[in-house]
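Encoded as structure tokens, the structure appears first; notes follow it.
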Amino acid sequence: MMTRIKRTVLTLMLMLMTTAMQQTAAQKLFTLEDLNFGGTNFHSFRPQNLFLTWWGDRLMYQDAEETGFYDAKTGKKSTTLRVSDLGEGWHSAMNATYPYADKTLVLLNNGKERVLYDWKKKQVAWRQPAANESEAHWNKVSRAVAFVRDNQLWVTTAEGESRQLTTDGSREIVYGQAVHRNEFGIMEGIFWAPDGMSFAFYRMDQSMVTDYPQVDISARTAEYQPDKYPMAGMTSHLVTIGIYDLKTKQIHYLKAGDPTDRYFTNIAWSPDAQSIYLFELNRKQNDCRLAVYDAPTGEKKGEIYRETSDKYVEPLHPIVFLPWDHKLFLMQSQKDGYNHLYIYNVEGKEVKQLTQGEHVVMQFYGFNEKKRTVIVATNEDHPLQRNLFAISVNDGGCTNLDNGRGVHRAILSPSGEWMVDKYSEPDVALNINLVNTANAKTTRLLTAADPWKEKGYSVPLFEMGSVKAADGVTDLYYRMVKPADFDPARKYPTIVYVYGGPHAHNVEASWHYYSRSWETYMAQKGYIVFILDNRGSENRGRDFEQVTFHRLGQEEMKDQMKGVEFLRSLPYVDTERMGVHGWSYGGYMTISLMTHYPDVFKVGVAGGPVIDWKWYEVMYGERYMGTPQDNPEGYAQTSLLSQAKNLKGRLQIIIGYNDSTVVPQHALSFLNACTEEGTQPDFFAYPGEEHNMMGHKSVHLHERITQYFEDYLK
């Protein structure tokens with residue numbers, strides 16, 4: 001029999017072991033393999049998700065091995081197709097789509113062939129070759145696919161007949177791809193007509209554009225592998241728009257005139273497939289016109305809308321015709337200071353402004369034709385939120401379709417009567433709802449657990465607040481990430497993470513306030529990380545973004561220093577140990593801050609940094625800076641070459657050795673300037689990588705960034 005003393009000792013030991021186990025569980029720490037998107041464990045630390053699509057108004061799921069119905073009431077799945085049903089060569093159903101609401105057909109592509117599988121008959125109903133296609137665009141009406149192969153434009157008909165449509169395609173003559181370096185919202189280069197009998201396509205002649213001399217070191221002897229890279233103020237490419245007719249098997253081009261120093265963007269077909277609409281922009285990007293062309297002949301019918309600016313106009317969205325009235329279309333514009341929706345008729349007369357106010361329409365999803373509403377996402381409720389609304393085209397009435405909090409993204413059914421709402425909030429990892437867009441009634445499909453807390457990891461503190469911009473009026477929003485065991489009586493080394501450029505933001509009301517996982521890693525190591533969206537970033541209106549015009553980096557630095565001023569007011573921020581880090585535009589901002597405020601920042605890591613805007617590409621660079629010829633003072637003021645002499649702290653510059661976005665000339669020229677001035681930055685390059693490190697190299701990159709701060713800031 002166990003004595004009382006032995007029992008007492010054993011009880012105490014068990015209690016101590018339990019306490020130790022609880023403490024160990026509470027103190028589990030992340031690695032970069034857990035947090036970084038290239039990490040081996042990354043996916044197990046992401047919130048549970050559902051991959052959903054629509055078959056008409058029926059909700060369907062997409063999994064790796066099968067696809068089928070999803071019952072919103074019970075959450076049960078009913079399989080329509082297992083990948084194994086298709087035989088060898090098929091490995092995933094994640095790309096499954098349901099193009100016909102009235103047919104039991106699912107469309108799949110395995111890279112070798114494209115099939116329509118009839119799940120009711122359990123057999124392949126139609127197949128089409130799909131090997132060696134790039135930029136492929138399939139049309140559900142004609143079942144033809146237009147694509148690029150070996151630089152040439154091709155089409156394969158529904159019957160499987162493939163035709164080569166061009167012969168002069170090359171790295172200099174580019175067909176069927178996005179042009180103007182993906183600016184102006186251009187993400188593709190092939191545009192099918194609604195009837196599926198013709199398609200428009202881009203042809204880009206860049207033979208006159210200067211080559212940037214990239215080098216491929218993977219060969220036995222390194223080989224010259226140039227990129228076409230039109231730099232600001234230099235000769236740009238020429239773009240024309242062709243139309244291919246499946247019936248006549250002929251190509252003709254829109255008669256748009258001389259394409260020199262012009263941009264053609266946001267191509268849209270009329271519902272009857274007889275007209276093509278596009279925005280045409282001058283090289284200065286301050287004069288934008290909506291032009292109409294006769295599709296069968298290519299003749300220009302006219303210009304029905306014009307928008308000018310003393311800075312720049314930036315068309316990013318094609319017009320969209322109202323499904324119930326083809327004489328009216330929806331257009332997006334910032335002409336009143338914020339991106340809003342307008343209804344115009346085909347003569348170019350403004351019928352009404354559909355949305356208005358000091359907020360932006362962030363995305364147009366589609367129409368509920370039955371209710372005659374437009375489904376959109378806006379930040380009307382708060383600048384950091386993204387909420388879903390149904391806007392009545394008749395009277396402008398607005399119905400909120402979500403909970404009024406957080407950041408929401410929709411997957412709208414073809415009729416627009418239903419949508420999947422995927423959203424998160426600062427303390428909500430991911431929820432998914434099914435929403436009736438007519439009455440906003442909601443059914444919960446998924447409440448995802450917080451995988452970090454669920455696994456017992458030590459989670460940092462995520463906070464959000466605001467400071468005034470350098471103008472003393474504008475509210476700027478920040479995120480602060482603190483160690484999990486934060487003690488306000490201590491002083492912490494603090495890193496400012498910065499991007500700061502247009503068309504991006506770093507702070508929003510999503511999970512952890514949109515925090516990057518590297519911030520968690522650094523907080524875990526005892527740092528405070530601070531992120532501020534300065535003027536010049538997105539989603540705050542035209543004037544907020546355009547304040548940087550012709551002087552990139554200057555107002556942004558002033559705003560970032562207002563953030564630093566706020567940090568200095570906090571007793572727990574060690575102002576003697578402040579660092580800064582950013583990538584791309586953020587790399588530019590990092591070096592700008594390090595050299596303009598050398599006594600503030602002790603350590604910096606600049607990734608893929610712009611150094612001088614004269615080496616950046618035409619479309620983006622000239623929109624914000626003009627040309628070096630027209631704005632020499634602005635280019636001189638914003639160049640960091642003249643700032644190399646001011647470098648005082650420890651700076652590491654990291655680039656992809658084959659970066660085609662911010663070419664290596666930027667970083668190398670700054671290094672050269674530093675050698676001439678006697679300053680000492682550090683440098684690291686990733687051979688074969690472009691602007692961002694892909695795959696597991698991203699883990700290596702973030703470990704390198706971390707170690708630099710560990711070595712010199714801590």
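Computed values, structure above
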| quantity | calculated |
| --- | --- |
| Per residue solvent-accessible surface (Å²) - the stretch 382-429, probe of 1.4 Å | 36 Å² |
| Cα gyration tensor shape for the stretch 266-362, rounded if a/c is under 1.5, else prolate or oblate | oblate |
| Ranked by how many other beta carbons lie within 10 Å on average, peptides 575-582, 126-133 from highest | 575-582, 126-133 |
| Highest average packing first - 111-117, 694-700, 194-200, Cβ atoms within 10 Å | 194-200, 111-117, 694-700 |
| Surrounding net charge for Gln652, when Lys and Arg each add one and Asp and Glu each subtract one, Cβ distance under 14 Å | -1 |
| Cα-Cα pairs of the stretch 106-152 separated by more than 16 Å (percent) | 39 percent |
| Mean Cα-pair separation over length for the stretch 572-682, i.e. relative contact order, pairs under 8 Å, 6 or more apart, % | 28 percent |
| Where Leu29, Leu412, Leu59 fall by accessible area, highest first, once all protein chains stay in place (1.4 Å) | Leu29, Leu412, Leu59 |
| The chain: DSSP helices with Cα axial extent of at least 24 Å and average Kyte-Doolittle hydropathy no lower than -0.5 | 4-26 |
| The stretch 29-79 - accessible surface per residue (Å², probe 1.4 Å) | 52 Å² |
| Placed amide H near Lys228: partners under 5 Å, 5+ positions off or other chain | Tyr212 |
| For the stretch 466-479, Karplus couplings with θ = phi - 60° (6.51, -1.76, 1.60), whole Hz, Gly/Pro x | 9, 9, 7, 5, 5, 6, x, 10, 6, 7, 10, 9, 10, 10 |
| Approximate spin-label separation Ser78-Leu461, in nm, with each point projected 7 Å along Cα-to-Cβ | 5.2 nm |
| Gyration tensor verdict on the stretch 590-714 (Cα atoms; rounded if a/c is under 1.5, prolate if a/b is larger than b/c, oblate otherwise) | oblate |
| Heavy-atom accessible area per residue - the stretch 490-550, 1.4 Å, Å² | 26 Å² |
| Cα gyration tensor shape for the stretch 35-92, rounded if a/c is under 1.5, else prolate or oblate | oblate |
| Where only C-alpha atoms are counted, convex hull volume of the stretch 505-587 per residue in Å³ | 115 Å³ |
| Relative frequency of Cα-Cα separations exceeding 12 Å in the stretch 596-636, percent | 65 percent |
| Radius of gyration and Dmax over the Cα atoms of the stretch 466-547, both given in Å | 13.9, 42 |
| Segment Glu65-Lys525, length gained on full extension (0.36 nm per residue, minus Cα span) | 161.6 nm |
| Surface share of carbon and sulfur [accessible, 1.4 angstrom probe, percent] for the stretch 84-227 | 46 percent |
| Distance between the stretch 141-188 and the stretch 681-714 - C-alpha centres, whole angstrom | 37 Å |
| Mean Cα-pair separation over length for the chain, i.e. relative contact order, pairs under 8 Å, 6 or more apart, % | 9 percent |
| Apportionment of accessible area to carbon and sulfur, the stretch 275-317, percent (1.4 Å) | 43 percent |
| Local electrostatic count at Gly607 - Lys and Arg +1, Asp and Glu -1, tallied over other residues with Cβ under 14 Å | -2 |
| CD proxy at 222 nm, helix term only [per DSSP H run n ≥ 4: -39500 (n - 2.57); per residue of the chain; nearest 500] | -5000 deg cm²/dmol |
| Percentage relative contact order, the stretch 386-463, counting C-alpha pairs under 8 Å, at least six apart | 19 percent |
| Listed peptides 353-361, 86-94 by packing density, highest first (mean Cβ within 10 Å) | 353-361, 86-94 |
| Surface share of carbon and sulfur [accessible, 1.4 angstrom probe, percent] for the stretch 563-641 | 52 percent |
| Cleavage-rule hits (trypsin sites (Lys or Arg not before Pro)) in the stretch 162-271: DSSP loop, at most 10 neighbouring Cβ within 10 angstrom | Arg220, Lys247, Lys249 |
| Overall dimensions of the stretch 375-505 by Cα: Rg and Dmax, Å | 18.7, 59 |
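The values are calculated or read from the model by the stated rules, or taken from the named source; none is laboratory data. Please read all numbers here as calculations on a predicted model, not as lab measurements. Every residue, glycine as well, gets a Cβ built from its backbone with ideal geometry; the counts of neighbours run over all protein chains shown. For accessibility, only protein heavy atoms count, side chains too; no ligands or nucleic acids. Shrake-Rupley method; radii C 1.70, N 1.55, O 1.52, S 1.80 Å.
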